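**Q** Here's a structure for you.
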Amino acid sequence: MNSWIDLDALWKIVVIGLLAGAGLPALFAVGLRAVSLPGRDRGSPATEAGGDRILGSNPLGLAAGVVCFAVVLAAIAWGIYSVVAGT
Amino acid sequence: MNDGILVLVVVTALAFDFTNGFHDTGNAMATSIATRALSPKIAVALSGALNLVGAFLSLSVAATIASGLVNTHLVTLTVVFAGLVGGITWNLLTWFFGIPSSSSHALIGGVIGATMAAAGTHGVKWHGVVSKVIIPAGLSPVIAGLIATVGTYLIYRLSRSVPNRTRSHGFRLGQIGSASLVSLAHGTNDAQKTMGIITLALIANGTVDSGAEAPFWVILSCAIAISMGTYLGGWRVIRTLGKGLVEIDSPQGMAAESASAATILLSSHFGYSLSTTHVATGSILGTGLGRKNAEVRWSVAGRMATAWLLTLPAAGLVGAGCYGIAQGIGGTTGVLVVFVLLVVASAALYLRARGTPVSHHNVNDEWKGATASTDAKKPIAA
């Protein structure tokens, strides 16, 4: 740490910033991928709304996706909480 | 004690807060508007509301804006006032040209300039200026850009096999969420700077004790001013950020806003009061770099960088000049004369801007090399 740049804070901002600012959106993308996984009815032609469906029908995928989104939301809530609590 | 000047200072500070709001709407909402995740009107309304909430979230950096940069015991009401006029002038000029430049730097530049005019160079803590303003300004867009580049790369890689409809739907939602976070962070960060300035003025006037917290009416009025400014929407700046710099798609928008939100919130957590504009611009550039074949208009980026370099000295010169005029005439009259000059100059600029309007109607038109105006490069008479 020198008097011009607070290197200690700098590397924390970069590392935590990468985790939160790039990692969470990446996790969000994984969640999207999970919820859109095709289910067991993959072979049969999609019944209602055809290829217009937003969610896939793989229960495991849906569950995994929900977990991903929940982690993202929880991280955001914690971030806001720590800002408010920082006063 | 001079309550007449104090009233003018408070009004000017709220006016600055207002310009800060509409100048920075684009930092949060430009990408959501550009990708049509939100309609322009709804985007500015959402951002305005979240700025209002954000202003009440935290008060940790209020009153620190000036204390590390100038010797506060040299600061008089006239100095604060002249600094604010410098900041407003630079904000309005850059808005006219559609350049996203830092409102914080404009304010800091104005206050430094006015302090130098009042007390000479020893009134300024240069070490503080370099370590708290200039170095963070150089680093923050790079850090935000790096985070946005990595985020964009990961998002595109991980979502390759996701069906198109899920993708566009999901990422638009993600984009709205992340842009909302930036609005919240903006309210927290930037409204506090004006609260700090008004508190500084109250201290300088002896109205409150030094070391006092911002009174509630200051917090409330700053929150309202910044959110109204945000709601008005600086369409010229939004257009440059959303359409001019990089052609943006929803996943990129989400990556950019997430990077901005993370950088702003973390930095304020660690006590760096940095410019949301520099961060947002760095993120948007980064998201252009993280995606293959995305077009990044470096000429637009270069114009912005030039404006950033000019912000501190230009706002400082206006601040110093205004201090000179106000002090030359003296007393409340001097401050009032500068105030009238500011109103006249702002009105002239506003009228000129109406010749080449940018609004929620044409904010998303195809980029043809300029914000809107064909004569935007001509010097301004006013």
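**Q** Ranking request for peptides B:116-126, B:276-286, B:132-142: highest mean number of other beta-carbon atoms within 10 Å first, then the rest in descending order.
**A** B:276-286, B:132-142, B:116-126
**Q** For the Cα atoms of chain B, what angle does the longest principal axis make with the long axis of helix B:77-96, in degrees from 0 to 90, nearest 10?
**A** 30 degrees
**Q** Here's another thing I want to ask about it. Counting only other chains, and only Cβ atoms inside 10 Å, what mean value do you get across the residues of B:144-150?
**A** That works out to 4 on average.
**Q** Accessible surface of B:Arg297 in the full protein assembly, 1.4 angstrom probe, to the nearest 10 Å²?
**A** 40 Å²
**Q** Working from Cα positions, state the angle (0 to 90°, nearest 10) between the long axis of helix B:298-329 and the longest principal axis of chain B.
**A** Tilt of helix B:298-329: around 10 degrees.
**Q** Can you tally the lysine pairs in the protein assembly as shown where the Cα-Cα distance is under 22 Å and the two residues are eight or more apart, or on different chains?
**A** 9
**Q** Can you give me the angle between helix B:250-269 and the longest principal axis of chain B, using Cα atoms only, in degrees from 0 to 90, rounded to the nearest 10?
**A** 40 degrees
**Q** Net charge near B:His105, counting Lys/Arg +1 and Asp/Glu -1 over other residues with Cβ under 13 Å of its Cβ?
**A** Here the charged neighbours net out to 0.
**Q** Give me the three principal axis extents of region B:225-321 from the C-alpha atoms, as integers in angstrom, largest value leading.
**A** For region B:225-321, the Cα spread along each principal axis is 48, 32, 27 Å.
**Q** Taking K and R as +1 and D and E as -1, what net charge do the other residues with C-beta under 14 Å from the C-beta of B:Leu173 add up to?
**A** +3
**Q** Probe radius 1.4 Å, ligands and nucleic acids left out: can you give me the accessible area buried at the B-A interface, summed over both chains, in Å² to the nearest hundred?
**A** 3200 Å²
**Q** Related question: Below 13 angstrom from the Cβ of B:Leu154, what's the summed charge of the other residues (Lys, Arg +1; Asp, Glu -1)?
**A** Taking every other residue near B:Leu154 into account, the sum is +4.
**Q** Can you give the translational diffusion coefficient of the protein assembly as shown in µm²/s, computed by Stokes-Einstein from the Kirkwood radius over Cα pairs at 25 °C and 0.890 mPa s?
**A** 109 µm²/s
**Q** A further question follows. Considering Cα pairs under 8 angstrom that are at least six residues apart, work out the relative contact order of region B:1-116 and quote it in whole percent.
**A** It comes to 34 percent, rounded to a whole number.
**Q** Tabulate in residue order the Karplus-calculated ³J(HN,Hα) for region B:230-243, using 6.51 cos²θ - 1.76 cosθ + 1.60 with θ = phi - 60°, rounded to whole Hz; enter x for Gly and Pro.
**A** 4, 5, 4, x, x, 4, 5, 6, 4, 4, 4, 6, x, 10
**Q** Another question about this same structure. Would you tell me the mean number of C-beta atoms belonging to other protein chains that fall within 10 Å of each C-beta in B:179-190, as a whole number?
**A** Partner-chain Cβ atoms within 10 Å, mean over residues of B:179-190: 1.
**Q** Can you give the extra length, in nm with one decimal, that the chain gains between B:Asn164 and B:Trp298 once fully stretched, where that is 0.36 nm per residue apart less the Cα-Cα distance?
**A** 45.2 nm
**Q** With r defined as the distance between the Cβ atoms of A:Ala85 and B:Phe216 and R0 fixed at 22 Å, what FRET efficiency is calculated, to the nearest 0.05?
**A** Working from the Cβ atoms, E equals 0.65.
**Q** Still on this model: Using just the C-alpha positions of region B:1-113 as equal point scatterers, what log10 of I(q)/I(0) does the Debye formula give at each q in 0.11, 0.21 1/Å?
**A** With one equal scatterer per Cα and no solvent, log10 I(q)/I(0) is -0.43, -1.22.
**Q** A further question on this structure: So for each of B:50-57, B:29-36 I average, over its residues, the number of other beta carbons within 10 Å; can you give me the resulting order with the highest mean first?
**A** Result, highest mean Cβ count within 10 Å first: B:29-36, B:50-57.
**Q** Using amide H atoms built in the peptide plane, which far-off residues or other-chain residues are under 5 Å from B:Val70 H to H?
**A** For B:Val70, whose amide H was placed from the backbone, the distant partners under 5 Å are B:Lys125.
**Q** With the Cα gyration tensor of region B:290-364 giving a ≥ b ≥ c as the square roots of its eigenvalues, does the rule (a/c under 1.5 for rounded; else a/b larger than b/c for prolate; else oblate) give rounded, prolate or oblate?
**A** Since a/c reaches 1.5 but b/c is at least a/b, the shape of region B:290-364 is classed as oblate.
**Q** Under a 10 Å cutoff between Cα atoms, tell me which one of B:Ser250, B:Ser221, B:Ser102 has the largest fluctuation in the Gaussian network model of chain B.
**A** Its mean-square fluctuation being the largest, the pick is B:Ser221.
**Q** Count, for each residue of A:9-20, the Cβ atoms from other chains sitting within 10 Å of its Cβ, then give me the mean as a whole number.
**A** Shielding by partners across A:9-20 averages 6.
The values are calculated or read from the model by the stated rules, or taken from the named source; none is laboratory data. Since this is a predicted model, take the numbers as computed values, not measurements. Virtual Cβ from ideal backbone geometry, glycine too; neighbours counted across all protein chains shown. We work out accessible area using only protein heavy atoms, side chains counted, and drop any ligands, DNA or RNA first. Shrake-Rupley method; radii C 1.70, N 1.55, O 1.52, S 1.80 Å.
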